[in-house]
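First up is the structure itself, then whatever we jot down about it.
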Amino acid sequence: MRPVAVVGIGKTAFGAFPDRDLRSLAVEAIQNCLADAGASPGQVEAFYLGNFAGPSFAGQSHLAPYVAAAAGITGIPATRCEAACASSGAAFFQAVSSVAAGLYDVVLAAGVEKMTSQPTPRVAEILASAGDLGGEIKAGATFPALFAMIARRHMHEYGTTREHLAAVAVKNHDNGFLNPQAHMRKRITIEQALAGKPVAEPLTIYDCSLVSDGATAVLLVPLERVSDFAGKAVRVLGIAQASDRVALDEKDDITTFRAVKVSAEKAYRMAGVGPDDIQLAEVHDCFTIAEIVAIEDLGFCKKGEGGPYTADGCTLRTGSRPVNTSGGLKAKGHPVGATGIGQICDLVIQMRGEAGERQVPKAELALAQNLGGSGATSVVTILSAL
Amino acid sequence: MTEPIALSNGRVYTETTVWSPPEKFVNDAPYQLAIISLDSGGRITARIEGDRVAINDLVEFVEYRNEIPYFRKKQ
């Protein structure tokens, strides 16, 4: 297996863009990525596009060649990957795998979602299709409801509090405030978070990520070819994807994501590092409780201690291991199909020392964790500086 | 359409009250959902009618309505 490197990153801003369609967002991210890498569309040998629900949100299918051609890329394998909110994590996993296997040298992976053209109840319904339509969704569960039930159980078993959840929201909003590409650049207080409008008890609007439009892209090449490209390269030291049952009521223990634990263990093993070596992370905070469960499952703290660990400031920009310095899905925004590769882009920005006011002092070894549904897909990636 | 057979009673494993519903349940909100650990084994996601329930409360099966199982707090 060949070592793989990221030599280009590209993003659109995340937000609500009524004048932009899915394709124009994806093309902008791809063009930014190719420009960053100093590569041309003609050099791309394969293309993987992460997208959760373009056919439902925008009515368009056959998205990978549709997007690629608009970016000047034809005549290559162009494939859409769908894994709910881990769609572009899955696209990234496929792209890394194909370069590592020696199938291709120059592979583009992108992610896109155009969500804000639909009213909120319709968005909730489209997102709910990532759950089990025959059981939990039929009974009236939404994704906030599923994570609310995870939160309730985590509170019951470990004493996690609403203040712990609010600490995640306050931190991520503080980071998003400093990110020029974030959807919501607004600081909030613990009191505001606690007094938010209920969505699914105990979660309020301040516990939920945003409904956003946006696109992201990365260019991957074998490590031996990084000098052929302009972008400051970062190595993919470890990566793994894992699956689990879709329905929450079929999981033995809903206070942990088994797919996250499995993919993290494999990625750590491939990278030859452990949780204590990781200096910063982007984790999948689709809801505040998801960040708490993620940092436990990744081994950043002990099981059940994610709440106090967060409230103690360990995951702040100035903490011992910063988490979601981009603002996370909570404040940066969550265009679901773009999120996984967005996490990779945000880590590369930190590892290049280009994060401006958000820059952390140590960024040589970083981890991204992208979750699909209520834990049926997880992709964990470990990046290292060259 | 044949409604599924009756379910056993059970205990609340976790629960939430939904205030922001999907499109088709806009008129039901707010409503309580729970994952019930059934006495007969396994778990099911169900609606709660009547009094709100909390984790570990005992609940009894009421009926299926539009293929959705309903439970209520055991008196």
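The slack between A:ARG185 and A:GLU357, meaning 0.36 nm per residue of separation minus the straight C-alpha distance, is 60.6 nm.
If you take each beta carbon of peptide A:152-164 and count the beta carbons of other chains within 10 angstrom, what is the mean?
The per-residue average across the peptide is 2.
Distance from the alpha carbon centroid of segment A:173-229 to that of segment B:12-75 works out to 32 angstrom. Put a dot 7 Å past the Cα of A:MET270, heading toward its Cβ, do the same for A:ALA35, and the two dots end up 3.1 nm apart.
Calculated mean residue ellipticity at 222 nm for chain A: -10500 deg cm²/dmol, from DSSP H runs with n ≥ 4 weighted as -39500 (n - 2.57), summed, divided by the residue count and rounded to 500. Would you list, by chain and number, the aspartates and glutamates whose Cα falls below 17 Å from the Cα of A:LYS138, excluding same-chain residues fewer than 8 positions away? Filter leaves A:GLU125, A:ASP249, A:GLU250, B:GLU3, B:GLU15, B:GLU23, B:ASP28, B:GLU49, B:GLU63, B:GLU67.
For the pair segment A:309-356 / segment A:1-60, the C-alpha centres are spaced 20 Å from each other.
Calculate the FRET efficiency for A:ARG122 and A:SER243 from the Cβ-Cβ distance with a Förster distance of 30 Å, rounded to the nearest 0.05. Before the final figure, lay out each step's value.
Numbers: r = 28 Å, r/R0 = 0.92.
It comes out at approximately 0.60.
Straight-distance candidates among the lysines for linking to A:LYS330, with alpha-carbon spacing under 20 Å and chain neighbours fewer than 8 residues away dropped: A:LYS11, A:LYS114, A:LYS171, A:LYS186, A:LYS197.
Taking amide H as placed 1.01 Å from N in the peptide plane, A:VAL246 has no amide H partner under 5 Å among residues 5 or more places away or on another chain. Extension gain for the segment A:HIS62 to A:THR74, taken as residue separation times 0.36 nm less the Cα-Cα distance, is 2.9 nm to one decimal. Under the convention that each Lys and Arg Cβ holds +1 and each Asp and Glu Cβ holds -1, the size of the dipole of chain A around its Cα centre is about 320 debye. Compute the Cα gyration tensor for segment A:167-262, then decide on rounded, prolate or oblate, letting a ≥ b ≥ c be the square roots of its eigenvalues: rounded whenever a/c is under 1.5, prolate when a/b is larger than b/c in the other cases, and oblate in all that remain. The shape class here is oblate.
Expressed to the nearest 5 percent, the antiparallel share of DSSP beta bridges inside chain A is 70 percent.
In the elastic network of chain B, a GNM with C-alpha springs shorter than 10 Å, the most mobile of B:ARG43, B:ARG11, B:ARG65 is B:ARG65.
What ranking, highest mean first, results for peptides A:308-321, A:50-63 when packing means the other Cβ atoms within 10 Å averaged over each residue?
A:50-63, A:308-321
Excluding same-chain neighbours fewer than eight residues apart, the lysines reachable from A:LYS303 by a Cα-Cα span under 18 Å are A:LYS251, A:LYS261. When each of A:THR381, A:THR255 is scored by the number of other beta-carbon atoms lying within 10 Å, the sequence from fewest to most is A:THR255, A:THR381. Couplings for segment B:61-75, taken from phi via the Karplus curve 6.51 cos²θ - 1.76 cosθ + 1.60 with θ = phi - 60°, read 5, 9, 5, 8, 10, 6, 6, 9, x, 10, 10, 9, 4, 6, 7 Hz in order; Gly and Pro are left as x. Counting, for every residue in A:249-257, the Cβ atoms of other protein chains within 10 Å of its Cβ and taking the mean gives 3.
Read the figures in this text as sums done on the coordinates, not as results from a lab. All of these numbers come straight from a predicted model, not from anything done at the bench. Here the Cβ is made from the backbone with ideal geometry for all residues, glycine too, and neighbour counts use every protein chain on show.
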